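What follows is calculated from the coordinates using simple rules that are stated; it is not laboratory data. Because the structure is predicted, anything quoted here is derived from the model rather than measured. Methodologically, a virtual Cβ is constructed for each residue, glycine included, from the backbone with ideal geometry; neighbour enumeration extends over all protein chains shown.
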């Protein structure tokens, strides 16, 4: 099983925006020291709290990263597809290793309204945008007169190697879409173990229905690895006392190195190839210590 990181871009409790951005750089550096298998950042628009946007911050983080895969999330209905392709072309040129495009539908009436997008048409907008982005990245000249009006667009800065697409999905139609269209599927961080196992089975079933081999089967998981079980549980309880992202306690992982290895092994037995971690706490010294211990977890799973 591979272990990667999705670095938190939202720093509501940071003293100022520069502190939050510096923390992201320090975490990317620590993730490289831990020999993690991949690095990603998320995507959010019209955020009510300070949020570092994906493409500029990833460009900075790549300076701390090595040649392992890296990428970022694009909520495609909220972007113009030509801009997405141009951003990916630039990031793939900066990256030393393979670039992976994560993508999803997006959510929130207010966010769609702020971006001038229609939330009711997001599934069709997603598929149209993904098709356009892929064709541009492949060097095609693209015109479209559907949701996105494009006339003879092309991309001069194309990636030197194919860009894999991973789709984040939880609802059955969205998991079906990932099986049909993508090279990988990302399961939600809020799933319990039983839900995660059921959804992985559904993804493999839908891949078989389309005559496709399953791609990367990836689980997002919010974690903390403590110096002791007691310390790890204290961090978990503090997060839960604040209603941590509305997630059930069963979806969160906190423990010692050995305890976390055991829990990750359980997801491997359910068919997951990779776990992308995010931390339960935004306390920077604790996050960096947890990342240092994550190196041992990753080595135990190799």
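So how far, in whole Å, is the C-alpha centre of segment 1-40 from the one of segment 133-173?
28
Running a GNM on the chain with Cα contacts under 10 Å, which residue among 68, 251, 194 ends up with the highest mean-square fluctuation?
194
Normalising by the residue count of segment 2-220, find the relative contact order in percent from Cα pairs under 8 Å and 6+ residues apart.
14 percent.
Measure out, as a whole number of angstrom, how far apart the alpha-carbon centroids of segment 249-269 and segment 272-288 sit.
If we compute the Cα centre of each part, the gap is 12 Å.
Does segment 98-214 classify as rounded, prolate or oblate by the C-alpha gyration tensor (a ≥ b ≥ c root eigenvalues; a/c under 1.5 gives rounded; else a/b over b/c gives prolate, otherwise oblate)?
Cα axes put segment 98-214 in the oblate bin.
Roughly what angle does helix 172-181 make with the longest principal axis of the chain, taking Cα atoms, 0 to 90 degrees, to the nearest 10?
With both axes taken from Cα atoms, the answer is about 60 degrees.
Calculate how many DSSP beta bridges within segment 1-156 are antiparallel, expressed in % of all such bridges and rounded to the nearest 5. The partial results should precede the final answer.
Numbers: 4 of 16 bridges.
DSSP beta bridges in segment 1-156 are roughly 25 percent antiparallel.
If you average the alpha carbon positions of segment 174-234 and of segment 41-97, how far apart do those two centres end up, in angstrom?
Each part reduced to its Cα centre gives a spacing of 22 Å.
Within the chain, what percent of beta bridges assigned by DSSP are antiparallel, to the nearest 5?
Roughly 10 percent of the beta bridges in the chain run antiparallel, per DSSP.
Can you tell me which of 30, 138, 179 moves the most in a GNM of the chain? Springs connect C-alpha atoms under 10 Å apart.
In this elastic network of the chain, the residue with the biggest mean-square fluctuation among 30, 138, 179 is 138.
Size of segment 2-220 along its principal axes in angstrom, Cα-based, largest extent first?
Dimensions of segment 2-220 along the principal axes of its Cα atoms: 44, 44, 37 Å.
State the extension gain, in nm to one decimal, for the chain segment bounded by residue 33 and residue 156, taking 0.36 nm per residue of separation less the distance between their alpha-carbons. If you can, show how the numbers build up before the last one.
Working: separation 123, 0.36 × 123 = 44.28 nm, distance 3.44 nm.
Difference between extended and current length: 40.8 nm.
Counting each DSSP H run of 4 or more residues in the chain as -39500 (n - 2.57), what helix-only mean residue ellipticity at 222 nm follows after dividing by all residues, to the nearest 500 deg cm²/dmol?
-14000 deg cm²/dmol
Could you order the peptides 101-114, 146-159 from most to least packed, using the average number of other C-beta atoms within 10 Å per residue? Present the calculation step by step, with values, prior to reporting the outcome.
Values: 101-114: 18.3, 146-159: 14.0.
Per-residue Cβ counts within 10 Å, averaged per peptide and sorted highest first, yield 101-114, 146-159.
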